Amino acid sequence: MTTRPLPSIEGPDKPFWLGLRQREVRVQRCGDCRTYRFPATRFCAHCRSETFEWVAVEPTGVVETWCVFHRQYFEGLTLPYTVIQVRLKCGIRLFSNPVGVEADALRIDMPVEAVFEDTTPEVTLLKFQPTKGDFQ
Amino acid sequence: MVDRASVAVVGVGHTRYGSFPEYDAYDLGVLALKQAIADAGLKFTDIDGLIVNRIPDYQRFCEIAGLDPAYVSITPGQGRFSGICIETAAALIRSGAAKTIALVYGNNGRSSGDRYGGAGDTYGSGGGGLWFPYGMTSPGAFHALMARRHMALYGTKSEHFGIVAKTFRDHAALNPAAVMRTPYTLADYQTSRYICEPLHLFDYCLINDGGVALVLTAAARARDLAQPPAYLRGYGMATALSDSTFPPDDFWRAPAKEAAADSFRMAGLVHDDISTLMIYDNFTPTVLFSLEGFGYCGVGESGPFVAEGHLAIGGRYPSNTSGGHLSESYMQGWALNVEAVQQVRGACGARQVENCHFAHYMAAAPVVTSIIYGREQS
C-alpha cells in the first residue's frame, strides 16, 4: 500500500511523458498563433485553432510560490513534502517538487531548472532545482 | 425617489448544522425550504421558480417536495454558486420568468464522507489528477500557495490569517446555531497543526451537514409578506476562468473589482455606507484577498487592516458575524447570505450589528459574486 500516485502516460499528454524520458520538456504549441499550452487540449484557448505541434521548450523557469504538505492525501509520499508552482520561460505553469533545496530557502522568482526523475521504468517526473550558479 | 431595488429576499431557512447521517441532501433541502416558506408567510404553491444547489437531482427533489415550478434549474455543489443562484433568481424575477423563486441547498458532505484532496479531488478545472504524482491536491493547498505568495509579496504574516480565524470564532460564540463555538487565542491558533503550510487547521473551513433555503420575490410583493424584506440593492459578477488551474497572479482582484463596482453602482452606494461584510471564507487567506479585491483596503494592506480589528463586531466592518464557514457552518455561501438578510432585518440578537442598513456578501473565486442587501428599498 505504499504505491505513490503515478500518471497514466497513455492519453493526450503522452508526448509530454515520452519527452521527459528523453530529458526534454515538451508542450503543445498552436500551429497558428504559436501560443504554448499544457496540459493537452484540442483547441488553442487563445485563437481556437485546432492545429498544433509538440515542441521542446527551455527547461528553466522561476518559482512563483510553494506550500508544504503536512497531511497525508496519498500513500507513498513522505510527510512533510513541498509543492512548488513553477512558471517556465515559455509561460507554461506547472506544479512540481523542489530538489536540493529546503522549503525555508525557497524564494519568489527563484530561478530553477528541470530535473528529470525516473520514478518507474515507464514514468519520469519533472522536478526542479535552483539554477546552477544562481544560488543566492 | 427612484425605487432602486426591484427584488428582495423574503424568506430564509436553515436546518441545524452538524452531523445528521439519517438525512440526505434532499431531506436537508426540504427541511430548509419548509422553514424559508413559513418564514416568508407563503405556501409551497406560491413557488413558481426553483434552483437547487448541491442537491443531486432537481426532478427527485421536486418529487420529494411536491413542487411543479414553472421554472427549474440545477447547479453544481461549488461555493461560488450561491451568489450565482441569487443573482440568477433576481434576473428571472426582473424578467417576469418567475414571480417567487426558491433557492434550495442541501449538503450531507460530513455524513457521506466527502474529502477535499486525494485521489477523488475534483477541485479546479477538470480536476487535479495530472499533479497528484507531485502530491499537489486540495482546495486548501491551492489557497496555501496563494497565501505564501501574498506573504512573500506584501509581508502578510501568519498571525493575520489567525486574526481572521479567531475573530470569526469569537462571533460564532454568539451564535447558537454555530458548530464551533469555543473561543481560542492567537497562541492556540499558532500551535494548531499545519495542514498545508502556511495554513493551519484553523485556517480551514468546517465540513458539516446542513441545508439552507432562500425565497425571493419582487419588491412590490415583498412588502406584503411576513418579514421585513432584505432588498437586493446591488449585485455584480465577474469571472477569471481561463487558466484557472493555477492560482491567479492578482488574487482575483480584477474580477472582484469589477463585480464590486457593478454592485456599488447599481446600489448607488459607496464602501463607507456598508454596515457589515459577509466574506466567503473557505480559507482565511480568501478573506484578505477579498478585502483588497472588493476595495475595503489597499492592495497588499489586508494583513495590517485585519490587525486593526475592523472585522470584529464593534469594529468598522463587522464580518461574518455568524462565524462563517470557519466556525458556523460550511454551507458554501448560503448561510452567509442568510446572515446578511438577518442582519439587515435586525434579527441577529447578541451578534446584531447596530444600525445595520447594508450588508455586503462577497465571494472571491474563479467566479466572483458581490451582493449588497439593504434594509430599505431606496
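Conditions tested, residue by residue: (1) facing another protein chain (nearest Cβ under 10 Å); (2) under 21 Å from A:Q22 (Cβ atoms).
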{"residue": "A:H46", "(1), (2)": "yes, no"}
{"residue": "A:P59", "(1), (2)": "no, yes"}
{"residue": "A:T65", "(1), (2)": "yes, no"}
{"residue": "A:V68", "(1), (2)": "yes, no"}
{"residue": "A:M110", "(1), (2)": "no, no"}
{"residue": "A:T119", "(1), (2)": "yes, yes"}
{"residue": "A:T124", "(1), (2)": "no, yes"}
Selection count where residues are among the hydrophobic types (A, V, I, L, M, F, W, C) and within 8 Å of chain A (Cβ to nearest Cβ), scope region B:100-146: 9
A:A40 passes all but one of (1) within 11 Å of chain B (Cβ to nearest Cβ); (2) among the small types (G, A, S); (3) buried (at least 17 other Cβ atoms within 10 Å of the Cβ); which number fails? (3)
It is to be established whether one or more residues within region B:229-240 are open to solvent by 50 Å² or more (accessible area, probe 1.4 Å) and of a type in the set (D, E, K, R). no
Can you report the number of residues in region A:82-136 which are open to solvent by less than 40 Å² (accessible area, probe 1.4 Å) and either free of Cβ contacts under 8 Å to residues at least 12 places away in the same chain or among the basic types (K, R) (or both)? 2
Filter pass, B:R149 being open to solvent by less than 50 Å² (accessible area, probe 1.4 Å) and out of contact with any Cys (no Cβ under 8 Å at 6 or more places or on another chain): yes
Failed item in (1) at pLDDT below 95; (2) touching a Phe, Trp or Tyr at 6+ places or on another chain (Cβ under 6 Å), with A:G11 passing the rest: (2)
Note: among A:T82, A:T51, A:T131, just one is over 17 Å from B:D243 (Cβ atoms), among the hydroxyl-bearing types (S, T, Y) and at the interface with chain B (Cβ under 10 Å from one of its Cβ atoms), namely A:T82
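May I ask you to say which residue of B:D188, B:D203 is open to solvent by 60 Å² or more (accessible area, probe 1.4 Å) and either out of contact with any strand residue (DSSP E or B) (no Cβ under 7 Å at 6 or more places or on another chain) or not β-branched (V, I, T) (or both)?
Numbers: B:D203 fails: open to solvent by 60 Å² or more (accessible area, probe 1.4 Å).
None of the others qualify; the one that does is B:D188.
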Name the pairs: first residue in region B:149-170 and closer than 16 Å to B:S290 by Cβ and within 14 Å of chain A (Cβ to nearest Cβ), second residue open to solvent by less than 30 Å² (accessible area, probe 1.4 Å) and part of a helix (DSSP H, G or I), Cβ to Cβ under 6 Å, at least 6 apart or on different chains? B:T156/B:H150; B:T156/B:G303; B:F161/B:D203; B:F161/B:T284
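Given the criteria open to solvent by less than 20 Å² (accessible area, probe 1.4 Å), in contact with a Cys (Cβ under 6 Å, 6 or more places away or on another chain) and assigned to a helix (DSSP H, G or I), does B:G140 qualify? Write out each step before concluding.
Numbers: open to solvent by less than 20 Å² (accessible area, probe 1.4 Å): yes; in contact with a Cys (Cβ under 6 Å, 6 or more places away or on another chain): yes; assigned to a helix (DSSP H, G or I): yes.
Against the criterion (open to solvent by less than 20 Å² (accessible area, probe 1.4 Å), in contact with a Cys (Cβ under 6 Å, 6 or more places away or on another chain) and assigned to a helix (DSSP H, G or I)), B:G140 qualifies.
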Quick one: B:L130 ticks every box in (1) open to solvent by less than 60 Å² (accessible area, probe 1.4 Å); (2) within 30 Å of B:P304 (Cβ to Cβ); (3) not acidic (D, E) except a single one, so which number is it? (2)
Keeping to region A:1-37, report how many residues are within 12 Å of another protein chain (Cβ to nearest Cβ), open to solvent by less than 30 Å² (accessible area, probe 1.4 Å) and either more than 18 Å from A:F95 (Cβ to Cβ) or hydrophobic (A, V, I, L, M, F, W, C) (or both). 3
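The values are calculated or read from the model by the stated rules, or taken from the named source; none is laboratory data. Predicted, not measured: the structure shown is a model, and the values here were computed from it. Neighbour counts are summed over all protein chains in view; Cβ atoms, including those assigned to glycine, are modelled from backbone coordinates with ideal geometry. The protein model used for the area step is the full one, side chains on, heavy atoms only, and it has no ligands, DNA or RNA in it. Shrake-Rupley method; radii C 1.70, N 1.55, O 1.52, S 1.80 Å.
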